[in-house]
Amino acid sequence: QVQLVESGGGLVRAGGSLRLSCAASGRTLSIYNMGWFRQAPGKEREFVSSITRSGGSTRYADSVKGRFAISRDNAKNTGYLQMNTLKPEDTAVYYCAASRRNYVGTKYEDYDYWGQGTQVTVSS
């Protein structure tokens, strides 16, 4: 099975940018569809973005569309989430996830493997 480790979180002012990374080990990342989710205090984990195995198709939650960009480098076994024009409401723990399914889902149960999360805090 694959192990996922997120990095790149931190504290940033509103309007700023961060780039999250998701490093995979144990198995090659190229066999998995990938997703990013986030969970704010007191809220359920929510879908942010997803990308297919080849990187040819991406999907975004309406709340981040136009501001976030998902990508992957299968040669480096790493996925990325570029976050621009950050808002205080983007504050959350961000998780990357991997799926062996033949579809790319937007629900927690669509993914099989999860990282431990990285905190993103956006100050106003």
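The values are calculated or read from the model by the stated rules, or taken from the named source; none is laboratory data. What you see is a predicted model, and the numbers here were worked out from it, not measured in a lab. With ideal geometry, Cβ positions are generated from the backbone for all residues, glycine too; neighbour counts draw on all protein chains shown. Heads up: the accessible areas ignore ligands, DNA and RNA and are worked out on the full protein's heavy atoms, side chains in. Shrake-Rupley method; radii C 1.70, N 1.55, O 1.52, S 1.80 Å.
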**Message:** Whether any residue in the range 24-32 is among the β-branched types (Val, Ile, Thr) and more than 18 Å from Asn102 (Cα to Cα) is what I want to check.
**Reply:** no
Checked pairs for the range 1-25, first under 10 Å from Val122 (Cα atoms) and open to solvent by 50 Å² or more (accessible area, probe 1.4 Å), second of a type in the set (Val, Ile, Thr) and assigned to a strand (DSSP E or B), C-beta under 7 Å and 6 or more apart or across chains, list as Leu11/Thr121; Ala14/Val122
Subset of the range 13-43, residues of a type outside the set (D, E, K, R), outside any loop (DSSP other than H, G, I, E, B) and closer than 15 Å to Val64 by Cβ, comes to Leu18, Leu20, Gly35, Trp36, Phe37, Gln39
For Thr58, state whether it is β-branched (Val, Ile, Thr), within 17 Å of Val122 (Cα to Cα) and modelled with pLDDT of 95 or more.
no
Taking the range 1-41 and keeping residues at pLDDT below 95 and over 16 Å from the mean Cα position of the chain (by Cα) leaves Gln1, Ser25, Gly26, Arg27, Thr28, Ile31, Pro41
Check whether at least one residue in the range 44-61 is in a strand (DSSP E or B), within 22 Å of Arg101 (Cα to Cα) and in contact (Cβ under 8 Å) with a residue 60 or more places away in the chain, and report yes or no. yes
Listed by range, strands (runs of 3 or more DSSP E) wholly within the range 72-124 having at least 1 residues that are within 15 Å of Thr52 (Cα to Cα), modelled with pLDDT of 95 or more and touching a strand residue (DSSP E or B) at 6+ places or on another chain (Cβ under 6 Å) are 78-83, 92-99
